[in-house]
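A quick write-up on the structure given underneath.
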Amino acid sequence: MLFTTSNFIFFIIILTVLYYLIPKKLQWVLLLIGSLIFYGIAGTSYLIYISLTVVSTYLVTIKIDKIQEIYDANIKENKEKLSREERKAIKAEANGKKRFWLVLALLFNFGILAVLKYSDFVVSNIYKDFGGFGFVLPLGISFYTFQTMGYLIDVYWGKYRAEKNVFKLGLFTSFFPQLIQGPISRFDDLKSTLFAEKDFNWDNFEFGVQRILWGYFKKLVIADRLLIAVNTIIRDPGTYQGAYVLLGMFFYAIQLYADFTGGIDIAIGVGQVLGIKLKENFNRPYFSKSIVEYWRRWHITLGTWFRDYMFFPISVSKPMINLSKYLRKNVNNELGKRVPIYIATLLVWLTTGIWHGAAWNFVVWGLGNGIVILISQELSPLYDKFHNKFDVKDKFYFKVFQIVRTFWLMSFLRTFDCYRDVGTTFKMYYSIFTVRNLNEIFSGGLMKLGLAIEDYILLTAGVVLLLLVSLYQRSGGIRIRLSKKPIFLNYILFFVLFLSIIIFGTYGIGFDQSQFIYSQF
Amino acid sequence: MDIIVEMLEDLHPEVDFEQCSSLIDDKILDSFDIVSLVTDLSEEFDITISVEELTPENFNSAKSIYEMVQRLID
């Protein structure tokens with residue numbers, strides 16, 4: 001069951017009514033049942049994989065917790081009797097046991113993900129004629145695996161105690177609004193609202209429904225309409241070259257934003273209707289002035305996951321610190337400082353690329369991002385000098401320049417998502433400089449991309465609305481400000497939004513067809 | 001303490017590290033800065049800073065970094 005199906009709307013309505021009718025202590029149980037139905041309808045075999053992840057994580061976190069408990073009790077009881085060395089030895093032994101279980105669970109769960117998602121890619125790179133194993137990839141597996149492994153590592157680090165109720169861990173892993181495409185939650189963050197007993201709250205309900213409508217508007221009116229033009233361009237690289245490639249990049253930037261943030265709006269909105277607070281995943285990313293800033297504002301929960309569970313652990317690991325010390329002694333201080341950062345950054349971006357998909361496109365895309373980030377890090381003293389010399393840093397026009405530059409830099413990198421292979425992408429880059437056809441686009445070319453003039457008018461209006469909302473958000477929450485306006489104005493506004501989704505939405509056959517892009521990751 | 005402030009000033013000369021107590025919360029130190037600092041501190045004080053120590057509470061001010069270092073030396 002996808003967000004863009006009529007079944008999903010019925011599902012949400014029935015679930016919400018039941019949720020506020022049943023005894024409050026059963027609310028989380030209903031959410032678990034609802035989540036399993038939601039996921040089971042998408043694919044019954046998916047339930048087996050997600051259960052394996054929940055049960056293995058549960059057993060291992062309980063085990064790790066137990067080891068810690070025994071260690072704490074031992075130290076407390078024998079504090080006076082034990083020497084410092086003995087205490088250290090006991091601690092090292094406990095840590096070793098905990099690490100064994102951690103590694104086992106990580107291997108098992110990332111192993112499931114690796115086999116299902118990457119075995120075809122790996123084997124087909126070795127044997128050219130390989131037809132594929134034909135594994136069915138459970139929807140959202142990359143998301144829920146990352147979320148659950150984050151929980152496991154947090155328990156291992158002692159950030160909080162393990163959850164004793166396996167069904168609660170099951171709900172944390174499978175909570176349906178975030179299951180397919182995030183946001184990736186943290187257990188300590190989500191549990192306070194996920195398992196709490198909730199009364200119906202009109203403000204939450206109203207804000208939630210508004211957010212859901214806004215999400216559908218972005219997805220159905222903007223993203224799915226632009227998808228038609230984007231597909232026309234990228235599926236026929238022989239015809240659509242030169243300026244069309246730039247146009248495709250521009251369209252894809254808007255489509256992806258509207259698609260992904262629309263899906264997240266629906267997820268957060270559904271959460272809000274149910275009184276559950278999900279993390280924000282975007283902070284107006286296209287207003288970023290550098291690529292580093294962009295990645296802090298786009299898909300925030302994935303970025304922070306990689307930072308906390310991969311970048312930091314690698315860069316401050318013993319081998320890295322030893323390498324850093326060695327370089328400081330034998331080469332120079334600066335290199336010693338930077339090498340751990342550089343190695344960890346490239347590994348993180350390689351993994352981020354692979355996380356997005358099992359294809360060379362994503363590997364190149366990931367490494368491309370990592371390399372651009374490191375180059376801009378290296379050049380930052382030069383930038384600072386330039387900014388100071390010409391006193392441009394706070395000038396409006398310079399900020400606009402930085403925003404436009406970052407937008408296009410990201411659009412160029414993102415092109416690797418689009419074309420069928422890396423070679424074609426480079427050919428298309430090349431065509432931008434060699435094929436001169438800008439005139440063609442404006443003398444009828446636009447009309448050959450599958451969209452009519454009405455579509456372009458609607459898209460322009462939609463994008464202007466997106467832009468206005470983004471600019472408005474800069475100075476605080478838009479819905480809180482709207483709610484201070486007369487109530488009838490609010491209702492008219494959202495009725496218009498609702499109508500525009502119904503009338504202008506791009507629907508596949510039976511209102512069912514167009515998946516969210518990120519649900520494939 | 002002075003050594004720690006110097007290390008921080010190397011990263012961001014424009015910040016008053018004696019006073020600021022929201023280095024992480026206000027996003028003054030980013031993840032690259034934190035790792036540079038960890039390599040500096042490990043070298044200078046010969047301590048092992050494990051990944052569990054990389055929390056906002058430990059890195060929000062020069063004082064909290066100093067306290068963490070003291071704890072790890074002990």
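Since every read-out is calculated from the coordinates, none of them should be taken as a lab result. Just so we're clear, the structure is a prediction, and the values are computed from it rather than from any experiment. Please note: Cβ atoms are built from the backbone with ideal geometry, for glycine as well, and neighbour counts cover all protein chains shown.
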Remind me, relative contact order of chain A in percent, using alpha carbon pairs under 8 angstrom and six or more residues apart? 20
Note the direction-averaged projected area, equal to a quarter of the hull surface, for the Cα convex hull of segment A:181-227, in nm². 4.5
Under 20 Å from the Cα of residue A:279 - aspartates and glutamates, other chains or at least 8 residues apart: A:154, A:188, A:189, A:197, A:203, A:206, A:259, A:265, A:293, A:308, B:25, B:26
Can you give the convex hull volume per residue for the Cα atoms of segment B:19-58, as a whole number of Å³? 75
Once the piece of chain linking residue A:426 and residue A:114 is laid out straight, how much longer is it, given 0.36 nm per residue of separation minus the C-alpha distance between them? 109.5 nm
Excluding residue A:385 itself, what net charge comes from residues whose Cβ is under 13 Å from its Cβ, given Lys and Arg +1 and Asp and Glu -1? 0
Just need the relative contact order of segment B:2-73 here, percent rounded to a whole number, with Cα pairs under 8 Å and 6+ apart. 39
The FRET efficiency for residue A:487 and residue A:41, from their Cβ-Cβ distance with R0 = 41 Å and rounded to 0.05, is 0.65
The Rg/Rh figure for segment A:287-420, Cα atoms and Kirkwood Rh, to two decimals is 1.02
Under the rule rounded for a/c under 1.5, else prolate if a/b exceeds b/c, else oblate, using alpha carbon gyration tensor axes a ≥ b ≥ c, segment A:377-495 is classed as oblate
Can you classify segment A:23-66 as rounded, prolate or oblate using the Cα gyration tensor, where a ≥ b ≥ c are the square roots of its eigenvalues, rounded means a/c under 1.5, and otherwise it's prolate if a/b beats b/c and oblate if not? oblate
As a check on your grasp of the helix formula, calculate [θ] at 222 nm for the protein assembly as shown: sum -39500 (n - 2.57) over DSSP H runs of n ≥ 4, divide by the residue count, round to the nearest 500. -23000 deg cm²/dmol
Determine, from the Cβ-Cβ distance of residue B:72 and residue A:55 and an R0 of 45 Å, the FRET efficiency 1/(1 + (r/R0)^6), rounded to the nearest 0.05. 0.75
Between residue A:467 and residue A:392, the FRET efficiency computed from the C-beta separation at R0 = 30 Å comes out, to the nearest 0.05, as 0.80
For segment A:287-420: lysine pairs under 12 Å (alpha-carbon distance), excluding those fewer than 8 apart on one chain: 5
With segment A:1-117 reduced to its Cα atoms and the Debye formula applied, log10 I(q)/I(0) at q = 0.18 1/Å amounts to -0.97
For segment A:306-330 and segment A:347-400, write down the distance between their C-alpha centroids in whole Å. 21
Looking at the P(r) of segment B:2-73, how many percent of alpha-carbon pairs lie beyond 13 Å? 61
Principal axis lengths of segment A:44-174 from Cα atoms, whole Å, largest first? 67, 34, 17
Count the net charge of all other residues whose Cβ sits under 12 Å from the Cβ of residue A:461, scoring Lys and Arg as +1 and Asp and Glu as -1. -1
Rounded if a/c is under 1.5, else prolate if a/b beats b/c, else oblate: with a ≥ b ≥ c from the C-alpha gyration tensor eigenvalues square-rooted, which is segment A:168-253? prolate
Along the charge dipole of segment A:158-236, which of A:171, A:210, A:200 sits closest to the positive end, that is, farthest toward it, with unit charges on the beta carbon of Lys, Arg, Asp and Glu (+1, +1, -1, -1)? A:171
Run the dipole for the protein assembly as shown about the Cα centre, Lys and Arg Cβ at +1, Asp and Glu Cβ at -1, nothing else charged, and hand back the magnitude in debye, nearest 20. 1000
I need the semi-axes of the equivalent ellipsoid of chain A: take the C-alpha gyration tensor, multiply each eigenvalue by 5, square-root it, list largest first in whole angstrom. 39, 33, 24
